[in-house]
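First comes the structure, then the notes that go with it.
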Amino acid sequence: MNLIIIDDEETTRNSLMELVPWSEMGVTEVRTAENGIAALALATSFKPSVILTDIRMPKMNGIELAQNIRKLYPECEIIFLSGFSDKDYLKSAIQLSAVDYLDKPVDMEELRSLFVKVVQKQRDLAGRTESLLYQRQKIVIDLISQTTSLSEWLKNSTQDVVQLSDQGMFNMYTVLLNWSSTIADDEKTVIKHELLKLLNDRDLTDDIRYISGFLNDNCLSIAANFPDYREVKCKEFAERLVKRLLEAAPGKYSLSIGCSSPSLSPEEYSHLYKSSLEAAKKQFYGDPNKVFFPDPVPARKYEIDKSLYMRFKKTLRQGSAAEAVQLILVTTDEIAKTGDPDTNKIRNLFFNFLRVLFEVTMQWDAAESGDDKEMIYMWREIDTCVSLKELAQFLVDNIRLVFDQSNTKACVVEKLDEIKKYIADHYSSNQLSIQNIAEHTFLSHTYLCAYFKKSTGRTLNEYITELRIEKAKELLRNGNHKLYEITNEVGLTDTNYFSTLFKRCTGLTPSEYRVNQRYDEKIE
């Protein structure tokens, strides 16, 4: 059983962590966090069974944290700590179904008694069958992977869980979610859970039996069973799916739905899934938010001409933006004519074009830049282009940006100053990112990274880190700021990470640096 202790007072955290015999009470692992934001970030990977949290904290209070934890882990037990008797807080705690509310200073016997009940409750939960949503998700995965057949599920589980019948026609729908680049992993987790709940409500249709499950963050599959199959009904169901899924999280993603051909056998679900997945991938050559069906005639393969890269490099070295753009457009047209389903191969082609562009024009090799994150930005931007049309336009825009004749020396200085000013104004926010800077300056991630590296000799991440460390030094020299306060002031959320980063950059821990500075002042 995992426990997270959240309190902005380091003494309280350490005392609860070290003085309570957690293992004797059935708690297997304990982590701590200094505020709600840090705790929420930790929870996405640590998956707590229980949180023991202070209510009044900076950045995100205990009630807000508990609300977010409830969305991520509905069965997580919540215990509040507070030195204040506030009726509004108590009311919020009750609405969140908190286990209890303990006053500070904590009575250890009261805490021990409470945790005995909590641990027993968690053990009871662990002994129950998985929640209905995830039972059905497991069934979908089993049917696709042929781990367990539908007949076995029907034999060993109840109808209200399985939902499907072994009679009628069988079909599979696969939904590919194209997430917005602004969506964090923890938000995806919440949205995915909400989508499963939406599909579980079963108001999409009266007579089609179906169950759903996520295979990964981007792929949602729905196994359907039609007592009375008609093609028009199959299409209508898919179109309702598109509408409801887009309404569920506006602006969070676009999507495509692939629909397989029907089968008389439930043993065909694995084949039906592959068919529906290939159909969904057809959005690459079309438009998102559509329903796609299998092609009766197999698509052709696009054979990559290795001389393409040399020709592209030659046009770039000659300074001919128009020829470079034309080469990309002709290549795109040739790819579109084949409809090659191997979209990863096509994306890799465009990724290599992008690398050549920046290596030639910016004298910048991402692989040797010293910052793996910049390589990730290149992949991410390529990967977030949903269609071939978007890929081509993205590359063309970057070619034109690089060759923009307005990039005189004065313009370069002006743009660089704009980037540095934005960083100076936002370094204290934990929301500062390359994406924010790119959006503010109207540049792509990749171009921004290459541009900054060429202009300054440093990567953007190096520059941001240096600025934050210098600001942290100022705070350590002046005043008695607590470590978590300094961490927050320089835009970070994890005190341990900040301490490690500070030592890596300065050779000293924050505490050692503060002591040295005060010693030097006394000598002077």
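The values are calculated or read from the model by the stated rules, or taken from the named source; none is laboratory data. Quantities reported herein were computed from a predicted structural model and do not represent experimental measurements. Methodologically, a virtual Cβ is constructed for each residue, glycine included, from the backbone with ideal geometry; neighbour enumeration extends over all protein chains shown. Remember, those area values only see protein heavy atoms, side chains included, never the ligands or the DNA or RNA. Shrake-Rupley method; radii C 1.70, N 1.55, O 1.52, S 1.80 Å.
With 24 Å as the limit, write out which pairs from Lys188/Lys482; Lys252/Lys274; Lys104/Lys471; Lys104/Lys482; Lys47/Lys192; Lys421/Lys454 have Cα-Cα distances beyond it, or answer none.
Details: Lys188/Lys482 33 Å; Lys252/Lys274 26 Å; Lys104/Lys471 34 Å; Lys104/Lys482 21 Å; Lys47/Lys192 16 Å; Lys421/Lys454 18 Å.
Pairs exceeding 24 Å: Lys188/Lys482; Lys252/Lys274; Lys104/Lys471.
Please compute the length gained on full extension between Asp186 and Leu508, using 0.36 nm multiplied by the number of residues separating them and subtracting their Cα-Cα distance. If you can, show how the numbers build up before the last one.
Details: separation 322, 0.36 × 322 = 115.92 nm, distance 3.31 nm.
Taking 0.36 nm per residue and subtracting the Cα distance, the gain is 112.6 nm.
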Restricting to the chain, what percent of DSSP beta bridges are antiparallel, rounded to 5?
50
Say each of Asn200 and Thr158 gets a label point 7 Å from the Cα, pointing the same way as Cα to Cβ; how far apart are those two points in nm?
1.4
Heavy atoms of Glu359 accessible to a 1.4 Å probe, total area in Å² rounded to 10
60
Give me the percent relative contact order of the chain, please, defined on Cα pairs under 8 angstrom at least 6 residues apart.
9
Heavy-atom accessible area of the chain with neighbours in place, 1.4 angstrom probe: carbon+sulfur share in percent works out to 48
Hey, what number do you get for the chain at 222 nm if only DSSP H runs of n ≥ 4 count, each worth -39500 (n - 2.57), divided across all residues, to the nearest 500?
-18000 deg cm²/dmol
The chain: projected area of the alpha-carbon convex hull, averaged over directions, in nm²:
30.9
Solvent-accessible area per residue for the chain (1.4 angstrom probe, square angstrom):
50
Long-range amide H partners of Met57, meaning residues 5 or more apart or on another chain whose placed amide H is closer than 5 Å, are Gly62
Apply the Karplus curve 6.51 cos²θ - 1.76 cosθ + 1.60, θ = phi - 60°, to the phi angles in the stretch 21-36 and return the couplings in whole Hz, x for Gly and Pro.
x, 4, 4, 5, 9, x, 8, 8, 8, 10, 10, 10, 8, 8, 7, x
Partner lysines whose C-alpha sits under 18 Å from that of Lys337, ignoring same-chain residues fewer than 8 away, are Lys281, Lys282, Lys301, Lys345, Lys389
